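The values are calculated or read from the model by the stated rules, or taken from the named source; none is laboratory data. Just so it is clear, the structure is predicted and the values come from calculations on it, not from any experiment. So basically every Cβ, Gly included, is an ideal-geometry build from the backbone, and we count neighbours across all protein chains shown. Side chains included, ligands, DNA and RNA excluded: accessible areas come from the protein's heavy atoms. Shrake-Rupley method; radii C 1.70, N 1.55, O 1.52, S 1.80 Å.
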Amino acid sequence: MTVLVVAEHDNQEIKGATLNTVTAAIALGAGDVEILVAGENCQAAADSAAAISGVSKIRMVDNALYANALAEPFAALVVSLAGDYSHIVLSHTTHGKNVAPRVAALLDIVQVSDIMEIKSPDTFVRPIYAGNALATVQASEDKLVITVRGTAFDKAELGGSAPVEAADASNDPGLSSFVGQELTRSERPELTSARIVVSGGRGMQSGDNFHLVETVADKIGAGVGASRAAVDAGYVPNDYQVGQTGKIVAPELYMAIGISGAIQHLAGMKDSKVIVAINKDEEAPIFAVADYGLVGDLFEEMPALAAELDKQGIKPR
Amino acid sequence: MKILVAVKRVIDYNVKVRVKGDNTGVELANVKMSMNPFDEIAIEEAVRLLEAGTASEVIAISLGEAKCTETIRTALAMGADRGIHVKTDEELQPLAVAKLMKAVCEKENPDMVIVGKQAIDDDCSQTGQMLAALMGWAQGTFASKVEIADGKAQVTREVDGGLETVSLSMPIVVTTDLRLNEPRYASLPNIMKAKKKQIDEYSPEDLGVDATPRLKTLRVDEPPPRQGGGKVADVAELVDKLKNEAGVI
């Protein structure tokens with residue numbers, strides 16, 4: 001049997017989450033792993049996918065229909081190529097979550113979402129109730145759609161040279177068109193792949209005060225995130241949100257600044273290696289998961305922390 | 001325009017979920033149940049379209065055990081016109097829910113279906129997309145804004161990199177994200193009025209759908225506990241510990 005990974009890319013490069021997903025696809029042990037790269041002028045992305053180790057073939061579909069990865073034509077394409085693959089594997093990102101269930105329903109097969117561990121080709125561990133419980137689930141059929149939690153699998157290594165084969169576009173269902181996008185521009189590391197993440201919460205009190213978080217983040221080369229409360233209050237854009245319904249992160253260091261630690265937030269960061277919390281409320285639940293808790297007013301502690309990082313000569317790695 | 005909104009009965013989002021001693025699931029006995037928070041947003045959006053005159057009727061549907069009628073009543077108290085209960089004691093998985101909702105859509109012919117982007121119990125994030133696929137409709141997932149004009153819907157979606165806007169031909173399925181709206185609380189008079197609203201009941205057999213689960217839960221475990229609770233006195237100690245003890249900066 002063969003496994004198909006549906007890649008995410010910007011037509012130039014494969015996105016980091018796809019590298020984690022390839023590792024999961026290989027770990028299935030179900031057979032060869034092939035990658036679908038569909039986009040417009042996506043040869044460069046296909047070439048970068050070909051360099052991922054452990055991959056046997058790249059299937060490239062270069063067509064304007066897939067320029068913005070709209071779910072309707074994209075899912076139709078995956079279905080047209082689904083043939084003999086035993087597993088169709090996507091990242092549990094907004095792209096994967098948008099496309100995967102559509103593919104599963106069109107093929108009338110089961111989808112297993114957000115897998116964290118592979119027990120066998122048909123048995124997986126996945127979080128339920130915001131990660132407060134872990135379910136081991138087994139599929140009764142031999143063809144499956146899977147979405148993968150990126151933080152639970154290492155990134156695949158580079159160094160391969162898989163052949164790139166062009167495949168045909170599928171029909172356009174003609175249901176949807178792309179209007180535009182407003183992407184957050186940032187020089188900082190992307191949240192889900194950052195080695196360090198510094199997040200601000202309701203305690204920041206305003207978007208203007210986020211510079212306190214950003215200053216510290218830039219001194220240690222961190223990505224910047226936020227709690228739902230901070231996003232809902234309009235302090236920062238939606239794509240900053242870490243939590244059950246936002247992004248799941250598991251960096252080496254996670255710093256929660258002015259975040260109380262609702263279970264929905266903890267769901268998005270509690271697998272981080274080291275957790276720091278700065279909060280003036282000693283009783284805040286975030287301290288129960290923090291390795292290093294500092295009880296104090298963030299408006300005093302954050303400037304002091306920035307100065308201390310300089311004093312001890314800390315630089316981004 | 002007719003809108004169908006799905007509402008799921010789940011453990012209240014404030015409840016700390018506990019795994020059962022025999023590892024067969026989570027404790028549901030004597031636990032507070034509520035409407036899935038994303039579905040509250042779905043009902044609110046539909047009722048706003050009703051109040052704006054864009055929609056003519058809002059139907060709330062829930063699928064599952066007898067007590068799902070409580071969840072439907074909550075939706076009716078928020079402003080939905082009538083309810084549909086697909087009643088079964090069998091565990092319902094996303095593909096089965098999508099098939100049951102497809103059968104209901106074929107009876108009711110809605111122009112739009114609104115569902116939450118995920119349920120906070122199984123966190124699958126599948127049902128809306130599956131229904132759209134089965135109906136051959138467009139989907140506007142993780143929506144933070146929905147505008148209807150000239151037989152099209154313009155949906156702004158919350159994606160990993162920021163926001164994306166798509167134009168979709170009706171009918172459509174919309175799945176709600178947190179920023180779409182802030183759901184209202186039902187007023188007491190509306191709660192009283194909701195008791196008189198009609199709820200139609202179907203079984204999966206009535207709808208001609210095989211809803212048998214296709215994914216088996218072998219066991220449910222507590223996640224490994226995290227050892228936290230460490231404290232530092234000041235930022236100097238914090239930086240020192242991060243540098244020399246944890247080695248992460």
Given the criterion modelled with pLDDT of 95 or more and under 17 Å from the mean Cα position of the chain (by Cα), identify the matching residue among A:Ala222, A:Ala135, A:Ala139, A:Ala166. A:Ala222
So, in the range A:163-185, how many residues would count as being touching a Pro at 6+ places or on another chain (Cβ under 9 Å), within 7 Å of chain B (Cβ to nearest Cβ) and open to solvent by less than 70 Å² (accessible area, probe 1.4 Å)? 3
Could you please let me know if A:Gly83 is in a loop (DSSP other than H, G, I, E, B), surrounded by fewer than 23 Cβ atoms within 10 Å (Cβ to Cβ) and touching a strand residue (DSSP E or B) at 6+ places or on another chain (Cβ under 7 Å)? no
In the range B:150-196, what count of residues is obtained for those that are part of a helix (DSSP H, G or I), open to solvent by 40 Å² or more (accessible area, probe 1.4 Å) and under 21 Å from B:Ile72 (Cβ atoms)? 6
Residues located in the range B:9-30, provided they are open to solvent by less than 60 Å² (accessible area, probe 1.4 Å), within 18 Å of A:Gln264 (Cα to Cα) and in a loop (DSSP other than H, G, I, E, B): B:Asp12, B:Val15, B:Val17
Within the range B:216-232, count every residue that is open to solvent by less than 80 Å² (accessible area, probe 1.4 Å) and either more than 7 Å from every other protein chain (Cβ to nearest Cβ) or part of a loop (DSSP other than H, G, I, E, B) (or both). 6
Return only the number of the condition from (1) more than 18 Å from A:Asp172 (Cβ to Cβ); (2) touching a residue at least 40 places away in the same chain (Cβ under 8 Å); (3) open to solvent by less than 10 Å² (accessible area, probe 1.4 Å) that A:Ala71 does not satisfy. (1)
Contact list, first residue from the range B:114-131 and within 17 Å of A:Phe74 (Cβ to Cβ) and more than 7 Å from every other protein chain (Cβ to nearest Cβ), second anywhere and open to solvent by less than 20 Å² (accessible area, probe 1.4 Å) and of a type in the set (Val, Ile, Thr), beta-carbon distance below 6 Å, six or more apart or interchain, is B:Gly128/B:Val115; B:Gly128/B:Val173; B:Gly128/B:Thr175
When restricted to B:Lys102, B:Lys107, the only residue more than 10 Å from B:Val174 (Cα to Cα), assigned to a helix (DSSP H, G or I), more than 7 Å from every other protein chain (Cβ to nearest Cβ) and more than 18 Å from the chain's Cα centre (by Cα) is B:Lys107
One residue is enough: does the range A:31-39 have a residue meeting the conditions touching a strand residue (DSSP E or B) at 6+ places or on another chain (Cβ under 7 Å), of a type in the set (Asp, Glu) and open to solvent by 20 Å² or more (accessible area, probe 1.4 Å)? yes
Looking at B:Asn244 and the list (1) surrounded by fewer than 13 Cβ atoms within 10 Å (Cβ to Cβ); (2) more than 7 Å from chain A (Cβ to nearest Cβ); (3) in a loop (DSSP other than H, G, I, E, B); (4) not β-branched (Val, Ile, Thr), which single condition is not satisfied? (3)
Examine the range B:53-69 for a residue that is of a type in the set (Val, Ile, Thr), assigned to a strand (DSSP E or B), over 19 Å from B:Asp121 (Cβ atoms) and open to solvent by less than 40 Å² (accessible area, probe 1.4 Å), and state whether such a residue exists. yes
Meets criteria (of a type in the set (Lys, Arg), more than 21 Å from B:Met35 (Cβ to Cβ) and at pLDDT 95 or above) for B:Arg157: yes
Go through the range B:212-228 and report how many residues are closer than 30 Å to A:Tyr292 by Cα and without any contact (Cβ under 8 Å) to a residue 12 or more places away in the chain. 6
Of the residues B:Leu50, B:Leu95, which is assigned to a helix (DSSP H, G or I) and in contact with a Ser or Thr (Cβ under 8 Å, 6 or more places away or on another chain)? B:Leu50
Quick one: is B:Asp210 touching a Pro at 6+ places or on another chain (Cβ under 9 Å), closer than 29 Å to A:Arg126 by Cα, within 13 Å of chain A (Cβ to nearest Cβ) and surrounded by fewer than 13 Cβ atoms within 10 Å (Cβ to Cβ)? yes
All but one of (1) within 13 Å of chain B (Cβ to nearest Cβ); (2) touching a helix residue (DSSP H, G or I) at 6+ places or on another chain (Cβ under 8 Å); (3) not small (Gly, Ala, Ser) hold for A:Arg195, so report the exception by its number. (2)
Quick test for you: out of A:Ile115, A:Ile14, A:Ile52, A:Ile26, pick the one residue that is touching a Phe, Trp or Tyr at 6+ places or on another chain (Cβ under 7 Å) and either at pLDDT 95 or above or open to solvent by 40 Å² or more (accessible area, probe 1.4 Å) (or both). A:Ile115
Return the residue satisfying two criteria in turn: it lies in the range A:198-220 and is in a helix (DSSP H, G or I) and within 12 Å of chain B (Cβ to nearest Cβ), and of such residues it is most open to solvent (accessible area, probe 1.4 Å). A:Lys219
Quickly run through the range A:300-316 and pick out the residues that are farther than 24 Å from A:Thr192 by Cβ and in a loop (DSSP other than H, G, I, E, B). A:Gln312, A:Gly313
Filter the range A:94-111 down to residues that are β-branched (Val, Ile, Thr) and surrounded by fewer than 24 Cβ atoms within 10 Å (Cβ to Cβ) and give me whichever is farthest from the other protein chains (Cβ to nearest Cβ). A:Ile109
Inside the range B:198-215, can you point out the residues that are of a type outside the set (Lys, Arg) and in a loop (DSSP other than H, G, I, E, B)? B:Gln198, B:Ser203, B:Pro204, B:Glu205, B:Asp206, B:Leu207, B:Gly208, B:Val209, B:Asp210, B:Ala211, B:Thr212, B:Pro213
